[in-house]
Amino acid sequence: MKNTNKQLVFLDGLRGIAAIIVVLFHYAEIIQPDFSKNIIAHGFLAVDFFFCLSGFIIAYAYDHKMSTITRKKFILQRLIRLHPLVIVGSIIGLLTFLLDPYNWGLQSTSFANGAIIFLTSILLIPFPVMEARYLNNFGLNAPSWSLFWEYIANILYCTLLVKLSNKLLLLLSCIAAISLILLSVYYKNLLGGWDGSTFWHGGVRMIASFSIGLLVYRKKWIISNHCSFITIAILFSCIFIIPYNEISNWLIEPLIVITLFPLIIALAAGSNKSLTPNKFISLLGQLSYPLYITHYAVMWIFGSLYATIIGDTTLITLAIITFLTLQIIMAYLVYYWIDKPIRTMLNQKIKKS
């Protein structure tokens, strides 16, 4: 793989686009819950792209040095990378739950129950008890369900997957891919893992995509090409607007996850296009995780507001533009004022110790 460091910027940029697609999907599913009429019905699969990309990046960053660092240090590094924003997302989720002008949280839960919900949220312990929030595994911050499985992926990587031969990893990926297809056949889609009743769906989605991402890196399944970032980004974005078909959806979604996402990663990692410093692409990468982990608190407020303005296209459009702008600004502030400084401080402490 040539120009690896440069091409990682392409991948970071795609992660930013995936985060935006997740946000847009959540707006779309509130406005149009009928997937057959939803233009971005497959938008939730961006989470599977996160898992696949994570496998690729983890292999790139740690495969060559896991023999020189302890599992404890690896887990600590991953905690520093991920957990500060898990806590921030939980705090924002709690504040918006209590202060939602359309649905006062103080009136719908006891202090003791709220305290337990918040504690399990910051500790990333699934606790699907909030019926008003559809029994999300993490009622205060719904996207945390995928972070739970990301942590499991990291634990599996440093204890098992890093040692697997390519043949065994290929076998695991095939078994996981078949399991993903069977899951989709039975439930007609892959939209599961976020609530108590579909908890284990998240595990299947994670291990399938994460193992395939590892495999793409280790087997050097990189496609040399001259595509620009814009070209790859357009191809990537088009995946999510593949028309929803109730008859064949059980096959469409697994094929997207198993074939198209790894293909996009292979193209982005294999691009020979010279990459001049691009602040916009870098910003997409920087804001991807903060946007993803903090955006859903605002979605609950939008959902409550939408129920009062159904049918008023102008107001709905203005509300989406306003809320989306607030989400992006919040992600920017969280990254530069909280996430980056905290991670820098913690990493410096690790180096000193």
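Quick notes
- Footprinting exposure proxy for Thr198, Thr70 (fewest neighbouring C-beta atoms within 10 Å first): Thr70, Thr198
- On Cα atoms only, tilt of 340-352 relative to the major axis of the chain in degrees: 50 degrees
- The helix-only estimate of mean residue ellipticity at 222 nm for the chain, built from DSSP H runs of length n ≥ 4 each weighted as -39500 (n - 2.57), is -22500 deg cm²/dmol after division by the residue total.
- Just checking the listed ones, Leu11, Leu183, Leu99: in the Gaussian network model of the chain with Cα springs under 10 Å, the one fluctuating most is Leu99.
- Förster radius 35 Å - calculated FRET efficiency between Thr308 and Ser36 (Cβ-Cβ, nearest 0.05): 0.85
- Reducing region 26-88 and region 316-335 to their Cα centroids gives an inter-centroid distance of 21 Å.
- Take the Cβ atoms of Leu182 and Ile247, set R0 to 22 Å, and the FRET efficiency comes out at 0.80.
- For the listed residue pairs Lys273/Lys351; Lys73/Lys167; Lys65/Lys352; Lys163/Lys351; Lys273/Lys352; Lys73/Lys188, the alpha carbons are over 30 angstrom apart in Lys273/Lys351; Lys273/Lys352; Lys73/Lys188.
- A cut-off of 5 Å between modelled amide H atoms, ignoring neighbours fewer than 5 places along the same chain, links Asn136 with Met130.
- Net charge, Tyr336 excluded, C-beta distance under 14 Å - Lys, Arg +1, Asp, Glu -1: +2
- Taking amide hydrogens as placed 1.01 Å from N in the peptide plane, the amide H of Ser271 sits under 5 Å from those of Asn225, each at least 5 positions away in sequence or on another chain.
- The angle separating the long axis of helix 279-294 from the principal Cα axis of greatest extent in the chain is about 50 degrees.
- Taking Lys and Arg as +1 and Asp and Glu as -1, the other residues whose beta-carbon sits under 12 Å from that of Leu164 total +2.
- Helix 199-218 and the long axis of the chain differ in direction by around 30°, with both axes built from C-alpha atoms.
- Among Arg71, Arg15, sorting on how many other beta-carbon atoms sit within 10 Å of each Cβ, with the fewest leading, yields Arg71, Arg15.
- Candidates Asn113, Asn154, Asn136: whichever shows maximal mean-square fluctuation once the chain is modelled as a Gaussian network with Cα springs under 10 Å: Asn113
- In sequence order, calculated HN-Hα J values of region 165-177 (Karplus, 6.51, -1.76, 1.60; Hz; x Gly/Pro): 6, 4, 5, 5, 5, 5, 4, 4, 5, 5, 4, 5, 5
- Burial ordering of Cys174, Cys158, Cys238, fewest other beta-carbon atoms within 10 Å first: Cys238, Cys174, Cys158
- Listed values (i) 20.0, 60; (ii) 21.0, 73; (iii) 18.1, 56 include one computed from this model; for Rg and Dmax of the Cα atoms in Å that value carries the label (i).
- Spin-label model, Ala112 to Leu318: label points 7 Å out along the Cα-to-beta-carbon direction sit 4.6 nm apart.
A short reminder: the numbers here are calculations on the coordinates, not readings from a lab. What you see is a predicted model; the values in this text were computed from it and never measured. Cβ: placed from backbone, ideal geometry, glycine included. Neighbour counts: every protein chain shown.
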